[in-house]
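Written out below as structure tokens is the structure these notes cover.
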Amino acid sequence: MAGPWGYAQAIVVARAIKSRLLKGEEIREMALSKDLSEALLVLRESLYRGVGEARSLTHVFSSVWGSYFRIVRHMAKVAPGEALDAVLAMEREEDLRDLLIIIQRIASNRPVEEMLPSSFYDGTLTYQVLRDPELLTSPHKVAEALHTTWAAPYLESSLSILREVKEGLPIVWAIPLITTRLCSNAIENLRGAKKSGLERLLCPHLEAKILSSLVMAKELGVQTRILEIAWGNIRVCKVSLKSVREIYEREAEIVGLAEELKGILRNVKFEGKTLKDITTTSQRNSRLIMRARALEAMSGYPYNPAFLVASLVLLKLEVNNVLLTLSSKEFKLKPDEILEELTLEA
């Protein structure tokens with residue numbers, strides 16, 4: 001396990017990230033601005049290279065996501081070995097989700113669009129795949145091209161699910177579970193306070209994804225054995241496959257399923273009775289809890305993976321706020337509607 005000296009550079013980077021984040025009033029100023037051009041002025045001195053001069057929403061996404069991935073990579077260069085997988089998971093979660101979306105679209109004979117977060121940074125697997133038209137003709141070709149990379153076991157699971165489900169059944173329900181596996185694997189080798197600190201930080205997010213997958217799968221009538229393929233070896237947040245499987249098989253409706261899962265998924269809250277309400281409110285609440293826990297982690301003992309990852313969690317929440325605000329400006333949403341969706345301090 002790394003000692004204080006191993007964390008020295010990474011702590012400096014983490015604190016620099018936090019110090020350069022936008023203040024809540026700056027995000028609100030963006031939301032209240034009259035149009036996209038005025039909102040962009042707020043970002044001229046921000047972490048996001050070139051975004052203040054962007055002339056289209058595509059340029060905005062490219063600048064903001066590109067900056068996010070560069071910062072994560074910089075943190076990875078200075079992070080001690082024990083924290084490296086958890087740091088890289090902050091990039092790979094986005095990359096894997098985008099790869100699975102690409103596979104879903106190919107399997108469904110839908111066009112593969114490039115407005116995916118990982119498509120804007122040339123260090124991601126998604127970026128590589130999207131620049132080889134031959135790969136975009138088959139999910140199997142994507143998996144074959146990446147069979148020696150970190151993404152290989154997760155892509156193989158997605159192919160297994162595609163082979164099992166009836167033709168036309170979407171696998172979008174499996175994406176949150178498969179990306180949760182990635183995060184679970186990234187912290188499985190940690191022990192004691194270092195592991196529990198990361199779980200405390202990440203479990204609101206991971207449990208919201210587990211909930212989302214299960215209720216979507218139930219709505220689509222996914223069989224338990226196929227659900228288990230997506231679950232794989234998840235071992236995080238004291239949630240077991242056995243307990244989840246029992247509830248999934250027992251409850252016939254998504255409302256009953258979600259209510260029963262409250263006893264297991266203790267770090268996430270939701271409201272409503274429809275699939276949309278359950279997923280959107282659980283995700284929003286998880287972001288609020290994650291933000292509070294990230295600030296808590298960065299106010300405590302710094303020589304641990306949670307301190308480093310917390311800075312990236314705060315950065316990612318800001319990225320989501322910025323892009324939501326700017327996209328909403330482009331599509332002429334009202335300021336009150338924008339502010340309602342943001343993850344800001346109380």
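Quick notes on this structure:
- Near pairs, Cβ below 7 angstrom, 6+ apart or cross-chain, from the stretch 174-192 (farther than 23 Å from Q223 by Cβ) to any residue that is small (G, A, S) and modelled with pLDDT of 95 or more: L182/A89; C183/A89; A186/A86; A186/A89; I187/A86
- Residue count for the stretch 85-138, restricted to those that are under 15 Å from I171 (Cβ atoms), in contact with a Phe, Trp or Tyr (Cβ under 7 Å, 6 or more places away or on another chain) and of a type in the set (S, T, N, Q): 0
- Selection of the stretch 76-86 for residues being more than 12 Å from W150 (Cα to Cα) and in contact (Cβ under 8 Å) with a residue 12 or more places away in the chain yields A76, V78, A79, P80, G81, E82, A83, A86.
Conditions (1) outside any helix (DSSP H, G or I); (2) surrounded by fewer than 22 Cβ atoms within 10 Å (Cβ to Cβ); (3) free of Cβ contacts under 8 Å to residues at least 24 places away in the same chain, marked per residue:
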position: R70; (1), (2), (3): no, yes, no
position: R73; (1), (2), (3): no, yes, no
position: L88; (1), (2), (3): no, yes, no
position: I101; (1), (2), (3): no, yes, no
position: N109; (1), (2), (3): yes, yes, yes
position: M115; (1), (2), (3): yes, yes, no
position: G123; (1), (2), (3): yes, yes, no
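- Subset of the stretch 217-243 (residues that are within 22 Å of the chain's Cα centre (by Cα) and of a type in the set (A, V, I, L, M, F, W, C)): A217, L227, I229, A230, W231, I234, V236, C237, V239, L241
- When residues of the stretch 45-59 are limited to those that are within 16 Å of K329 (Cα to Cα) and surrounded by 18 or more Cβ atoms within 10 Å (Cβ to Cβ), the one modelled with the lowest pLDDT: A54
- With respect to the conditions (1) surrounded by fewer than 22 Cβ atoms within 10 Å (Cβ to Cβ); (2) more than 23 Å from D85 (Cβ to Cβ); (3) not charged (D, E, K, R), L241 falls short on a single one, namely (2).
- For the stretch 271-278, the criterion of a residue being outside any loop (DSSP other than H, G, I, E, B) and within 29 Å of G66 (Cα to Cα) is satisfied by no position.
- The residue that is surrounded by the most Cβ atoms within 10 Å (Cβ to Cβ), counting only those in the stretch 304-323 that are more than 16 Å from R200 (Cα to Cα) and in contact (Cβ under 8 Å) with a residue 40 or more places away in the chain, is V322.
- Condition check for S62: surrounded by 14 or more Cβ atoms within 10 Å (Cβ to Cβ) and in contact with a Lys or Arg (Cβ under 9 Å, 6 or more places away or on another chain): no
Condition check ((1) more than 30 Å from V12 (Cβ to Cβ); (2) at pLDDT 95 or above; (3) not aromatic (F, W, Y)) across all residues:
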| site | (1), (2), (3) |
| --- | --- |
| R266 | yes, no, yes |
| E271 | yes, no, yes |
| T281 | yes, no, yes |
| P305 | no, yes, yes |
| V313 | no, yes, yes |
| V319 | no, no, yes |
| D336 | yes, no, yes |
| E340 | yes, no, yes |
| A346 | no, no, yes |
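- Residue within the stretch 286-306 that is part of a loop (DSSP other than H, G, I, E, B) and among the polar types (S, T, N, Q) present: yes
- Segments classed as helices (runs of 4 or more DSSP H), wholly inside the stretch 1-68, with at least 3 members that are within 24 Å of V309 (Cα to Cα): 4-19, 24-32
- Residue check, E144 farther than 28 Å from E188 by Cα, charged (D, E, K, R) and surrounded by fewer than 22 Cβ atoms within 10 Å (Cβ to Cβ): no
- Here S213 does not qualify as surrounded by 18 or more Cβ atoms within 10 Å (Cβ to Cβ), at pLDDT 95 or above, closer than 25 Å to W150 by Cα and touching a strand residue (DSSP E or B) at 6+ places or on another chain (Cβ under 6 Å).
- Candidates I161, I234, I226: the one that is closer than 29 Å to A306 by Cα and either in contact (Cβ under 8 Å) with a residue 12 or more places away in the chain or assigned to a helix (DSSP H, G or I) (or both) is I234.
- Note on the stretch 185-209: among residues that are over 13 Å from the mean Cα position of the chain (by Cα) and under 17 Å from L241 (Cα atoms), the one that is modelled with the highest pLDDT is N185.
- Selected residue (only one of P204, P176, P153 is touching a helix residue (DSSP H, G or I) at 6+ places or on another chain (Cβ under 8 Å), in a helix (DSSP H, G or I) and within 15 Å of L96 (Cβ to Cβ)): P176
- M30, sole failed condition from (1) exposed (fewer than 15 other Cβ atoms within 10 Å of the Cβ); (2) under 17 Å from N320 (Cα atoms): (1)
The values are calculated or read from the model by the stated rules, or taken from the named source; none is laboratory data. Owing to the predicted nature of the structure, the values given are computational and were not obtained by experimental measurement. All Cβ positions, even for glycine, are placed from backbone atoms using ideal geometry, and neighbour counts span all protein chains on display.
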